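A short worksheet on the structure shown next.
The values are calculated or read from the model by the stated rules, or taken from the named source; none is laboratory data. Everything quoted here is computed from the prediction, not taken from an experiment. Here the Cβ positions follow ideal geometry from the backbone for every residue, glycine too, while neighbour counts run over all protein chains shown.
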Amino acid sequence: MIKNIVFDMGGVLIDFSFQRTLNECYPCEYHKILNKLVFENNVWRGMDGGFDRSEDVIKRVVPQLPEETRELMTEMISDFYPYMPPVAGMEDLIRRIKNAGYSVYLLSNATPRFFDRYLDYPALTLMDGYFISALYKLLKPQPEIYEAFCNKFKVKANECFFIDDMPANIEGAESYGMSGFVFKKDINALETALKEAGVSI
């Protein structure tokens, strides 16, 4: 029986889109190099895994960028949250899930900067607990991250329903024994999946 609903953050609760950010903030002439050196690189993965500090990434990466892009990119690498709006409808869904008696958790590949910003997102303030990857030097879909999550909150994998926008992360959760759903910004589809898993909201 499902007792715990576990949410990813970027792409589920907040709109994490490098391409949208590029289109909104930079002329097309800079997209290729910014993708190569920042957005399609392992820059964020290193920070999310707790292996890289933003200050070190800035020192290493920003000098390689076109001068006109450096100031804004420094801000983005330091704190990308201002470029990630909340996903519409998720706050209401989480409130209904909690009102139905389920526990709600966050399991996210993210840096400790999260704790400076989560109060800006009402959906994130509703969580019963937060598991931020960088603090444990683990990343989804490593099997160890799901084990560490369950140990931290003293929950059973088969009582957790995990929601993530990345199929590999759902596959990792399911391999560990959780139920899961790949979220594609369709809340109706998510509600259907929850009901099919026996979650009554």
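Set side by side, the residues P66, P112 differ, and just one is at negative phi and not assigned by TED's automatic domain parsing to the domain that holds M166, which is P66. Considering every residue within region 176-191, establish whether at least one is outside the structural domain of D48 (by TED's automatic domain parsing) and more than 18 Å from V12 (Cβ to Cβ). Yes, that holds for at least one residue. Only one entry of E91, E75 meets the criterion of being of a type in the set (D, E, K, R) and closer than 21 Å to P112 by Cα, and that entry is E75.
Yes or no: V12 assigned to a loop (DSSP other than H, G, I, E, B) and either within 30 Å of I163 (Cβ to Cβ) or assigned by TED's automatic domain parsing to the domain that holds Y121 (or both)? Taking the combined requirement at face value, the residue satisfies it. Of the residues in region 32-40, not one is under 20 Å from I94 (Cβ atoms) and in a loop (DSSP other than H, G, I, E, B). When L22, L107 are checked against the criterion of being farther than 30 Å from S200 by Cβ and aliphatic (A, V, I, L, M), a single residue qualifies: L22.
Answer with yes or no whether K98 is without any contact (Cβ under 8 Å) to a residue 60 or more places away in the chain and either touching a His at 6+ places or on another chain (Cβ under 7 Å) or on the phi > 0 side of the Ramachandran plot (or both). So K98 fails the test. Being on the phi > 0 side of the Ramachandran plot and in contact (Cβ under 8 Å) with a residue 24 or more places away in the chain is the filter here; which residues of region 136-176 pass it? Hit for region 136-176 is K137, nothing else. When K185 is tested against (1) under 15 Å from the mean Cα position of the chain (by Cα); (2) modelled with pLDDT of 95 or more, just one condition goes unmet, and that condition is (2). Pairs please, first residue from region 50-76 and over 22 Å from I132 (Cα atoms), second anywhere and at pLDDT 95 or above and of a type in the set (S, T, N, Q), Cβ atoms under 6 Å, 6+ apart in sequence or on different chains. Matching pairs, first to second residue: V62/T74.
Of all residues in region 171-190, those satisfying the criterion of being within 22 Å of A88 (Cβ to Cβ) and either assigned to a helix (DSSP H, G or I) or of a type outside the set (D, E) (or both) are F181, V182, F183, K184, K185, I187, N188, A189, L190. Residue check: I163 meets all listed conditions (1) aliphatic (A, V, I, L, M); (2) within 16 Å of G10 (Cβ to Cβ); (3) not in a strand (DSSP E or B) but one, namely (3).
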